[in-house]
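Since the structure comes first, as structure tokens, the remarks are kept for the end.
Coordinate-derived values only; no laboratory data. Source: prediction; values computed, not measured. With ideal geometry, Cβ positions are generated from the backbone for all residues, glycine too; neighbour counts draw on all protein chains shown.
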Amino acid sequence: MKWLFYKKETDTRAKIVLIYNMKPPKELLDSGNYIIIENIPNPEQIKGKNALPYCNPETEEFWYEHIDKPKSPRDIQRELNAKLLKDSASMQIELNNQKELNSSLLLKIAELEGKLNV
């Protein structure tokens, strides 16, 4: 048997905050915010998600809700590096486009000056 202590969110929804695999101390049992179930099912494993246990205090139904895992500092750094690389490439392309435009304009100016001096 498992004793699942919860923090009530609504009358029919509570987040499990503590699980006892053996009979808990009397002080905890006296609080009254727990349900008893025979076994806790294993959560479905979903990549990039954490499974949080919940229950319905009225019916003693148990379930998991999946939330996004927080990004690790390494993942955040990788994303930032990828963004910086992409931005740098975009700026380089724009700079090259501007250089081509400047070259074209200089050629046009030279042609116009050549026609005026004739």
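Remarks
- DSSP loop GluC sites (Glu not before Pro) with at most 10 other Cβ within 10 Å excluded, longest remaining stretch of the chain: 45-118
- Rounded to the nearest Hz, the phi-derived 3J(HN,Hα) couplings of region 8-25 under the Karplus curve 6.51 cos²θ - 1.76 cosθ + 1.60 (θ = phi - 60°) are 6, 9, 9, 5, 10, 8, 8, 8, 6, 10, 7, 10, 10, 8, 9, 4, x, x, where x marks glycine and proline.
- Look at 59, 12 and count the other Cβ atoms within 10 Å of each Cβ; fewest to most, that gives 59, 12.
- Convex hull volume of region 76-118 per residue (C-alpha atoms, cubic angstrom): 28 Å³
- Share of Cα-Cα pairs in the chain lying beyond 19 Å, as whole percent: 69 percent
- Pairs from 7/47; 49/83; 26/49; 2/69; 8/83; 8/69 whose Cα-Cα separation, in the structure shown, is over 31 Å: 26/49; 8/83
- Only one residue of 54, 66, 97 has its Cα farthest out toward the positive end of the dipole of the chain, where Lys and Arg carry +1 and Asp and Glu -1 on Cβ, and that residue is 97.
- Taken over the C-alpha atoms, region 6-51 has Rg and Dmax values of 13.1, 39 angstrom.
- On Cα atoms only, tilt of 73-116 relative to the major axis of the chain in degrees: 20 degrees
- Put a plus charge on the Cβ of each Lys and Arg, a minus charge on the Cβ of each Asp and Glu, and nothing anywhere else: the dipole of the chain about its Cα centre is then about 400 debye.
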